[in-house]
Amino acid sequence: MKASTSKHSAQAIIGMLLLLHSLYGIAQERPNIVLIFPDNLGVGEVSAYGSPRGITTPNIDRIGEEGIRLNNFNVEYSCVVSRIAILTGRYAVRAGEGAAGNGMTLYEETMAERLKTAGYATALFGKWHVGGPAWEGKREPTHQGFDEWWGIPGTSTTAQNTMFDGFDPKLYETSYIWEGEKGSPSKKVKPYDIDTRRTIDREAAQKGIMFMKRNVKKKKPFFLYYPMTQIHFPTLTHPDKIGATGAGDIADAMADVDHNVGLILAEIKKLGIEKNTLVIWCTDNGAEMRRPWRGAAGPWRGYYNSAMEGGVRTPFVAMWPGKIKPGQVSNEMMHEIDIFPTITAAAGLSDPIPTDRAFDGVNQLDFLKGKQTRSNRESAIFLARQGYAMAVKWENWKLWYYYSTEEYDPDPDNLVRLFDLNVDPREEFDMKDFYPWVIPVMDSIMGDYEASLIKHPRISGTAPDPYIPPALGSGEPVQVYERSDRETLGPRSKALENPNFSGAWSTKEIVSTPPRRGIKPEPMPTLGSGWGDEIAIVHEPDTLEVERVVFVPREKQSPVRYRFDLNGKTTENPVHIGRSWPAPKSTTKWDGDRLVITTVYSFIRPKTKELGNSSITQTLWLQPATRSPWEPTLVVETTRHAILNGKPSTNRTVYYKGYR
């Protein structure tokens, strides 16, 4: 009996050993993942992208040379929301509307948690910044998938707190560098001040190296998340890099960033794991904006904390020898939310993403490998942490729903703007009147997002843990942008008989009342009539000529005029807008005392590159005056018809007659 039992025990042990060996072998087939994520680092800081500071970043450049470099990589606009997005594969506002102050709930599943299901060792060395102010003991990295961590829980800005005259350590808590392991509370390591701010990234790199060594020795696949603190304000570099470039603090900090990347790459080579390690280097936001440390956004305009391209289009390079085709450079769109599903696909997970919630990322692995030239992403939306839409990108177009920039803006009331980013990478010339067909496409993208909020309601920024999501489909309808065409149009006003539309017209109403104190209400965002805010019209019996009134210093362009035949003939109105494009074709007809103008625009279908047609209808009438100066007003009702399953829109614009 005992012998039989011993035999069965021995067989069980042998079976278990064989099973473990089998699982061990499977685990070893999974690649190691290294994700390096610097802070507030714009495209213009990396030499491969054309650094204006005249410095070189050979280690970062090498990743792109031996793999792929992207010119259209997009991120969220600020630190906290960007880190939530990259870790969860979701637009950050889903994880906590207004969540900048409180971080994300433990309901969110990070890529580290998903990789843990496949046996990965996981570590974070650097900046966490998604746990909110009450993170300690509640929302630490070890609570969301990381076996160990070392670094700062919040922003680098706090490193300078002790420099301020008003800082009293008896009244205010000093910032610290922390460390922690899963299953144990995190503990303070040392103060985070100006001195340790200079050395934190080097120490984090060294800890990352030790982490890789330990797990290679164990033959265990690992996920190393290295969220650097550079080149976030205050941009003070490691002591051995001070003055190294002769080009200032940011350039010196970039030398340290590149050096630390080099340390990681050298160790990967030394350990003999290059061919089994996917390395991704990308940044959380665009250029640092606070002087004296002013970042470089390359060809784009704007800085982080803005949805300008300089704030949301950042550098990205990736390498995986033998898997990612070397020497690739692509202008295709990718977003940081795509990194989660791309990494889990690379790791060979059978269930690469959570399916019980809205998930915005798409798997880009075959695109990065060079197996396909097109990205799996056509669009990306940019949302403020309060939940409203700032902008949406589709193909080479960018539509602002609420234009905002920290730079000087000569037309601050123009909140809705469309940019052709290939023609105008600096977002300087509003094209919404010249490419009206783009707007319905953008609106449909935003409409799909709004619909998703009914199925999966957004989490409140103050939601406690544990968070229990509401039932699917229980969300209330949400409008993430306001615009005049979203309001219900009332009945058309009376049209004056036998109208003559001649005159100078402006959308700015003549107001004779004195100015009043108080906060002025924000203007309602609007698409306008399609002709601009100031126009001059010459109305003859057989023709109507509309001229856009534009005064721009140092410009030498012919006037923008639209001529319409009132006898049924088709007219063409070519306009120089940066592309050689078929001229729009217009026809007119009278509907009683209202003039209806239908204009057909050409567009190129993104997938087939074939030419298609879209149309816009403008209906004009004069409505009677209701008060002094007893002048009629011009109403233009504009309908932008949909293409590509887009969302049509109709709005009315009222013009007031100018002085004569």
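What to note about this one:
- Rounded to the nearest Hz, the phi-derived 3J(HN,Hα) couplings of the stretch 232-241 under the Karplus curve 6.51 cos²θ - 1.76 cosθ + 1.60 (θ = phi - 60°) are 4, 4, x, 8, 10, 8, 4, x, 7, 10, where x marks glycine and proline.
- Dividing the mean sequence gap of close Cα pairs (under 8 Å, 6+ apart) by how many residues the stretch 277-348 holds gives a relative contact order of 28 percent.
- For the chain, averaging the sequence separation of C-alpha pairs within contact (under 8 Å, six or more residues apart) and dividing by the residue count gives a relative contact order of 15 percent.
- Exposure ranking of Trp397, Trp581 by accessible area [1.4 Å probe, largest first]: Trp581, Trp397
- Taking amide H atoms as placed 1.01 Å from N in the peptide plane, the amide H of Ala391 lies under 5 Å from those of Phe382, Tyr401, each 5 or more residues away in sequence or on another chain.
- Label sites at Ile519 and Glu497, each approximated as a point 7 angstrom past Cα along Cα to Cβ, lie 5.0 nm apart.
- Efficiency of FRET between Lys213 and Ser350 - r from beta-carbon atoms, R0 30 angstrom, step 0.05: 0.55
- Sequence of His259, His335, His539 when ordered by accessible area, the most exposed leading, probe 1.4 angstrom: His259, His539, His335
- Cα-based Rg and Dmax for the chain, where Dmax is the largest Cα-Cα distance (Å): 29.1, 115
- Ranked by the mean number of other Cβ atoms within 10 Å of their residues, highest first, the peptides 242-251, 415-424 fall in the order 415-424, 242-251.
- Accessible area of the stretch 491-644 belonging to carbon and sulfur atoms, whole % at 1.4 Å probe: 52
- The length gained by stretching the chain between Val596 and Arg53 to full extension, at 0.36 nm per residue less their Cα-Cα distance, is 190.0 nm.
- Taking trypsin sites (Lys or Arg not before Pro) across the stretch 66-172, the ones in a DSSP loop with at most 10 further Cβ atoms lying within 10 angstrom of their Cβ are Lys170.
- For Glu140, the accessible area of its heavy atoms, probed at 1.4 Å with every protein chain present, is near 0 square angstrom.
- Peptides 57-64, 642-649, 276-283 ranked from most to least packed by the mean count of surrounding Cβ atoms within 10 Å: 276-283, 57-64, 642-649.
- Carbon/sulfur fraction of accessible area - the stretch 210-364, other protein chains in place, 1.4 Å, %: 52
- Sorted into 5 angstrom bins from 0, the C-alpha pair distances of the stretch 171-244 split as 3, 12, 18, 22, 19, 13, 9, 3, 1, 0 percent.
- Modelled spin-label separation between Trp581 and Glu136, with each label point placed 7 Å from Cα along the Cα-to-Cβ direction: 5.7 nm.
- Distance between the 7 Å Cα→Cβ label points at Val654 and Glu487: 0.9 nm.
- Accessible area in the full protein assembly, largest first, 1.4 Å probe, for Tyr49, Tyr481, Tyr408: Tyr408, Tyr49, Tyr481
- For Val317, the accessible area of its heavy atoms, probed at 1.4 Å with every protein chain present, is near 10 square angstrom.
- For the chain, the mean residue ellipticity at 222 nm estimated from helices alone is -6500 deg cm²/dmol, where every DSSP H run of n ≥ 4 contributes -39500 (n - 2.57) and the total is divided by all residues, rounded to the nearest 500.
- DSSP beta bridge pairing in the chain, given as percent antiparallel to the nearest 5: 75
- For the stretch 309-467, the extents of the C-alpha atoms along the principal axes are 50, 46, 29 Å, listed from largest to smallest.
- Segment Val189-Asp409, length gained on full extension (0.36 nm per residue, minus Cα span): 74.6 nm
- Surface per residue (accessible, 1.4 Å probe) for the stretch 100-215, Å²: 41
- The stretch 526-590: equivalent-ellipsoid semi-axes (sqrt of 5 x gyration tensor eigenvalues, Cα, Å): 22, 15, 12
- If only the Cβ of Lys and Arg carry +1 and only the Cβ of Asp and Glu carry -1, the dipole of the chain around its Cα centre is close to 1700 debye.
- For the residue pairs Lys127/Lys455; Lys275/Lys325; Lys323/Lys607; Lys127/Lys369; Lys138/Lys219, the alpha carbons lie more than 23 Å apart in Lys127/Lys455; Lys323/Lys607; Lys127/Lys369; Lys138/Lys219.
The values are calculated or read from the model by the stated rules, or taken from the named source; none is laboratory data. As the structure is a prediction and not an experimental result, all values here were calculated from the model. Cβ sites come from the backbone with ideal geometry, for glycine too, and all protein chains shown count toward neighbours. The area values use the complete protein model at the heavy-atom level, side chains included, leaving out ligands, DNA and RNA. Shrake-Rupley method; radii C 1.70, N 1.55, O 1.52, S 1.80 Å.
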